[in-house]
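S.K.: Right, I'll just put the structure down here and ask away after.
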Amino acid sequence: MSKGKRLIVTLMSSGMATAMSFVVSFFLTPFITNMLGTEAYGFVTLSKNFVSYAVIISTALDSYATRYIAMEYHKRDFDKANSYVSSAFYGDTIIASVILAIGVIFVLFIERFLNISPELIVSVKLLFLLVFVNFFFTTIQTVFNSTSYIKNRLDITGLVRVVGYIVEIILYLAIFKLFPPQVWYVGIVMLVVTAINFLAAIWMFHNMTPELKVERKLFSVDAVKKLVGNGIWNSINSLGITLNSGLDLLVTNLLLTNLQMGQIAITKTIASIFSSLEAMLCQPFQPLLLKSYSDNNKEQLLDELKMSVNISGFFSALTFAGFFSLGRLFYKLWIPNQDIELLYALTVVTILAYVTEGPVHPLYYIYTLTVKNRVPCIITLLGGVLNVVGMFVLVRYTNMGIYSIVITTTIITTITSMITNPPYIAHCLKLKWYTFYPMLLINIIGSVIMTVLFSFVAKVIAPSSWLGLVVTACILSIFGLGIYFIFVFSNKERKYIINMVKRKANIKQ
């Protein structure tokens, strides 16, 4: 299969997985909020956030593992590749075991650290315990995921995720129907889905890259040092990201109320869809970027970067403009018993950051390719510290209340996306500092035009039902694609999109 066709198939499979993720959130959020309350839903999201805190540690080892494994594999130096594979696997196992042990101790005394209603303590403890066990397995799976990058088969990974989400939906329906509703059921379902992904990753590893293997004798302290030496800065970056967007629920739990924590959790559900969309759109390009960089083909690398920026920018603009114009109706239909105006305002403020962050996001992979991540990591960390300090100051000394939790994150994310990162990414590639600004600015302009047009069209159509919402969203999507086709996409990008549509039509036939 050609590189272009592989990219299209990967985007389609990843898109299906992201859509299924949205379906799970779409049904799970109102289900838990209606049956168990908004507070319980807040703890579901908070438990996942705690795992993201643990990932900060494993990131030091894992963030560069795929890069080094893939590069040595492409060079046909399987001894070095296997050294990295084995070192990463056993290192991950040790890290995951230690974090799991710490997590168990934390769970035993969780009510001393968090504000939890008495009737939820047992369920929340079980939920957090299951989430930490799930973290153990996802961490030791990491090294096996390298195969999908080496062989550029992220399309298979996307399809496996789709299967996982289908199983997840079936399990939720079965468990909540057969047993009294408990919040910890979410942890059980997560473990089953992780098992599916884990087995699929191992199968791909052994069948698609038989040259690679995990053996204790291949464990190398030097390989671990090299991985951690480069990856430690990504851990620092992850810490900065956590400070910038991962502590909002914890701060809300400690400084505000559990109800407001649940409201922030609902807002983050929508924001997580934006994040998943960014990752989905950027990931298919990464094997191509890795190959172009390995071949020292800078012209091809720049073409692929531009395409990834524009495609990611288009979907970021489309989703923001769509929610801005239809968000109120969506919340009214989705969770009618909640404070719709508050949730809509919080969500708009939160996802505003993705207007600028979306187009920039594909460029961040350059830090991994060039192994130049100290400066951006320090900037991200400083931004995260400012964000946490800003949240505390605004909550304590202003009347902004719950808005304090989201506004500082949006401001700092926008600054780092548009001011600090683009020039340094250009520097890493030895390009002029303003190289990426034209493509980023045209994406932002496209987002503004799209938002204004969508708001006008939505008011004219004035939908009031799920059918009307879906039809209006489809109409707006066509308008949005037209805007980008005319003003943003290059001829090559237009051809990719046309081929994608043709391929989809042939599949249906």
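The values are calculated or read from the model by the stated rules, or taken from the named source; none is laboratory data. All figures in this text were calculated on a predicted structure; none of them were measured in a lab. Because the Cβ atoms are built from the backbone with ideal geometry, glycine has one as well, and the counts that use them run over all protein chains shown. Heavy atoms of the whole protein, side chains included, go into the accessibility calculation; ligands, DNA and RNA do not. Shrake-Rupley method; radii C 1.70, N 1.55, O 1.52, S 1.80 Å.
S.K.: Residue 43 versus (1) crowded, with 20+ Cβ neighbours inside 10 Å; (2) under 30 Å from residue 223 (Cα atoms): which is the lone unmet condition?
M.R.: (2)
S.K.: Here are 508, 495, 504: which of them is surrounded by fewer than 14 Cβ atoms within 10 Å (Cβ to Cβ), within 27 Å of the chain's Cα centre (by Cα), over 26 Å from residue 268 (Cα atoms) and modelled with pLDDT under 90? Can you show your working first?
M.R.: Values: 508 fails: within 27 Å of the chain's Cα centre (by Cα); 495 fails: within 27 Å of the chain's Cα centre (by Cα).
Going through 508, 495, 504 in turn, just one is surrounded by fewer than 14 Cβ atoms within 10 Å (Cβ to Cβ), within 27 Å of the chain's Cα centre (by Cα), over 26 Å from residue 268 (Cα atoms) and modelled with pLDDT under 90: 504.
S.K.: Can you list residue pairs whose Cβ atoms sit under 7 Å apart, with the first residue in region 34-49 being within 11 Å of residue 265 (Cα to Cα) and the second being buried (at least 24 other Cβ atoms within 10 Å of the Cβ) and among the basic types (Lys, Arg)? Count only pairs 6 or more apart in sequence or on different chains.
M.R.: 45/268
S.K.: Which one of these does residue 366 not meet: (1) open to solvent by 30 Å² or more (accessible area, probe 1.4 Å); (2) farther than 12 Å from residue 414 by Cα?
M.R.: (1)
S.K.: Step by step: first the residues of region 161-190, then only those that are aliphatic (A, V, I, L, M), open to solvent by 30 Å² or more (accessible area, probe 1.4 Å) and within 19 Å of the chain's Cα centre (by Cα), then the one that is farthest from residue 32 (Cα to Cα). Which residue is that?
M.R.: The residue in question is 163.
S.K.: State all residues of region 393-432 that are closer than 22 Å to residue 290 by Cα, part of a loop (DSSP other than H, G, I, E, B) and not aliphatic (A, V, I, L, M); if no residue qualifies, say none.
M.R.: Within region 393-432, the subset closer than 22 Å to residue 290 by Cα is 421-432.
Filter once more, so that each one left must be part of a loop (DSSP other than H, G, I, E, B): 429-432.
Across region 393-432, the qualifying residues are 430, 432.
S.K.: Test each condition in (1) of a type outside the set (Ser, Thr, Tyr); (2) surrounded by fewer than 22 Cβ atoms within 10 Å (Cβ to Cβ); (3) in a helix (DSSP H, G or I) for residue 314 and report the one that comes out false.
M.R.: Only one criterion is unmet by residue 314, namely (2).
S.K.: Are any of the residues in region 378-394 free of Cβ contacts under 8 Å to residues at least 12 places away in the same chain and surrounded by fewer than 17 Cβ atoms within 10 Å (Cβ to Cβ)? Can you show your working first?
M.R.: The initial filter retains those residues of region 378-394 that are free of Cβ contacts under 8 Å to residues at least 12 places away in the same chain, namely 389, 393.
Subset that is surrounded by fewer than 17 Cβ atoms within 10 Å (Cβ to Cβ): 389, 393.
Yes, that holds for at least one residue.
S.K.: Another question about this same structure. Which residue pairs have Cβ atoms closer than 8 Å, lie 6 or more positions apart in sequence or on different chains, and pair a first residue in region 121-147 that is farther than 15 Å from residue 44 by Cα and in a helix (DSSP H, G or I) with a second residue that is open to solvent by 20 Å² or more (accessible area, probe 1.4 Å) and of a type in the set (Gly, Ala, Ser)?
M.R.: The qualifying pairs are 136/97; 137/195.
S.K.: Among the residues of region 335-354, write down those that are open to solvent by 20 Å² or more (accessible area, probe 1.4 Å), in contact (Cβ under 8 Å) with a residue 40 or more places away in the chain and part of a helix (DSSP H, G or I).
M.R.: Those that are open to solvent by 20 Å² or more (accessible area, probe 1.4 Å), in contact (Cβ under 8 Å) with a residue 40 or more places away in the chain and part of a helix (DSSP H, G or I): 342, 345, 349, 350, 354.
S.K.: Of the conditions (1) over 21 Å from residue 48 (Cβ atoms); (2) open to solvent by 30 Å² or more (accessible area, probe 1.4 Å), residue 137 fails just one. Which one is it?
M.R.: (1)
S.K.: Identify the single condition in (1) modelled with pLDDT of 90 or more; (2) open to solvent by less than 20 Å² (accessible area, probe 1.4 Å); (3) among the aromatic types (Phe, Trp, Tyr) that residue 466 does not satisfy, given that it satisfies every other one.
M.R.: (2)
S.K.: Oh, and also: Scanning region 222-256 for residues that are of a type in the set (Ser, Thr, Tyr) and under 15 Å from residue 381 (Cα atoms), which turns out modelled with the highest pLDDT?
M.R.: In the first step, residues of region 222-256 are kept if they are of a type in the set (Ser, Thr, Tyr); the result is 235, 238, 242, 245, 252.
From the residues that got through so far, the ones that are under 15 Å from residue 381 (Cα atoms) too are 235, 238, 242, 245.
On the way: 235: 77, 238: 74, 242: 73, 245: 68.
The qualifying residue modelled with the highest pLDDT is 235.
S.K.: Separate question: Give the residue, chosen from 323, 285, 274, that is touching a residue at least 40 places away in the same chain (Cβ under 8 Å), over 23 Å from residue 237 (Cα atoms) and not charged (D, E, K, R).
M.R.: Criteria check complete, one pass: 323.
S.K.: Next question, about the same structure. When the residues of region 206-216 are filtered to those that are part of a helix (DSSP H, G or I) and touching a residue at least 60 places away in the same chain (Cβ under 8 Å), which remaining residue is nearest to residue 70 (Cα to Cα)? Please lay out each step first, then the result.
M.R.: Step one: of region 206-216, the residues part of a helix (DSSP H, G or I) are 206-208, 216.
Then drop every residue that is not touching a residue at least 60 places away in the same chain (Cβ under 8 Å), which leaves 208, 216.
Values: 208: 13, 216: 20 Å.
Per the stated criteria, the residue is 208.
S.K.: Which condition number does residue 38 fail, the rest of (1) more than 18 Å from the chain's Cα centre (by Cα); (2) polar (S, T, N, Q); (3) modelled with pLDDT under 80; (4) surrounded by fewer than 20 Cβ atoms within 10 Å (Cβ to Cβ) being met?
M.R.: Against the list (1) more than 18 Å from the chain's Cα centre (by Cα); (2) polar (S, T, N, Q); (3) modelled with pLDDT under 80; (4) surrounded by fewer than 20 Cβ atoms within 10 Å (Cβ to Cβ), residue 38 comes up short only on (4).
S.K.: Out of all the residues in region 211-227, is one or more among the small types (Gly, Ala, Ser) and over 23 Å from residue 87 (Cα atoms)? Can you show your working first?
M.R.: In the first step, residues of region 211-227 are kept if they are among the small types (Gly, Ala, Ser); the result is 220, 223.
From what's left, over 23 Å from residue 87 (Cα atoms): none.
The answer is no; no qualifying residue exists.
S.K.: Additional query: Where residues in region 112-134 are farther than 13 Å from residue 182 by Cβ and open to solvent by less than 20 Å² (accessible area, probe 1.4 Å), which of them is farthest from the chain's Cα centre (by Cα)?
M.R.: Taking the candidates together, the pick is 114.
S.K.: Of everything in region 205-214 that's surrounded by fewer than 21 Cβ atoms within 10 Å (Cβ to Cβ) and hydrophobic (A, V, I, L, M, F, W, C), which residue is farthest from residue 140 (Cα to Cα)?
M.R.: Residue satisfying both the conditions and the ranking: 208.
S.K.: Evaluate region 321-328: report whether one residue or more is buried (at least 21 other Cβ atoms within 10 Å of the Cβ), outside any loop (DSSP other than H, G, I, E, B) and under 19 Å from the mean Cα position of the chain (by Cα).
M.R.: Taking every residue of region 321-328 in turn, at least one turns out to be buried (at least 21 other Cβ atoms within 10 Å of the Cβ), outside any loop (DSSP other than H, G, I, E, B) and under 19 Å from the mean Cα position of the chain (by Cα).
S.K.: A follow-up question, please. What tally of residues in region 284-299 results from selecting those that are in a helix (DSSP H, G or I) and either on the phi > 0 side of the Ramachandran plot or modelled with pLDDT of 85 or more (or both)?
M.R.: Here is the first cut: in region 284-299, the residues in a helix (DSSP H, G or I) are 284-294, 298-299.
Those left that are additionally either on the phi > 0 side of the Ramachandran plot or modelled with pLDDT of 85 or more (or both): none.
Count: 0.
S.K.: Tell me yes or no: at least one residue of region 63-73 is over 16 Å from residue 187 (Cβ atoms) and open to solvent by 40 Å² or more (accessible area, probe 1.4 Å).
M.R.: Taking region 63-73 as the starting set, the residues that turn out to be over 16 Å from residue 187 (Cβ atoms) are 63-73.
Of the ones still in play, those that are also open to solvent by 40 Å² or more (accessible area, probe 1.4 Å) are none.
Looking for residues that are over 16 Å from residue 187 (Cβ atoms) and open to solvent by 40 Å² or more (accessible area, probe 1.4 Å), one finds none in region 63-73, hence no.
S.K.: In region 395-413, which residues are free of Cβ contacts under 8 Å to residues at least 24 places away in the same chain and either of a type in the set (D, E, K, R) or within 19 Å of residue 259 (Cβ to Cβ) (or both)?
M.R.: 399, 400, 404
S.K.: Please enumerate the residues belonging to region 177-205 that are without any contact (Cβ under 8 Å) to a residue 24 or more places away in the chain and either of a type in the set (A, V, I, L, M) or under 18 Å from residue 155 (Cα atoms) (or both). Even if it seems obvious, please write down each step before you answer.
M.R.: Narrowing region 177-205 to residues without any contact (Cβ under 8 Å) to a residue 24 or more places away in the chain: 177-180, 185, 189, 199, 203.
Answer for region 177-205, where residues must be without any contact (Cβ under 8 Å) to a residue 24 or more places away in the chain and either of a type in the set (A, V, I, L, M) or under 18 Å from residue 155 (Cα atoms) (or both): 178, 189, 199, 203.
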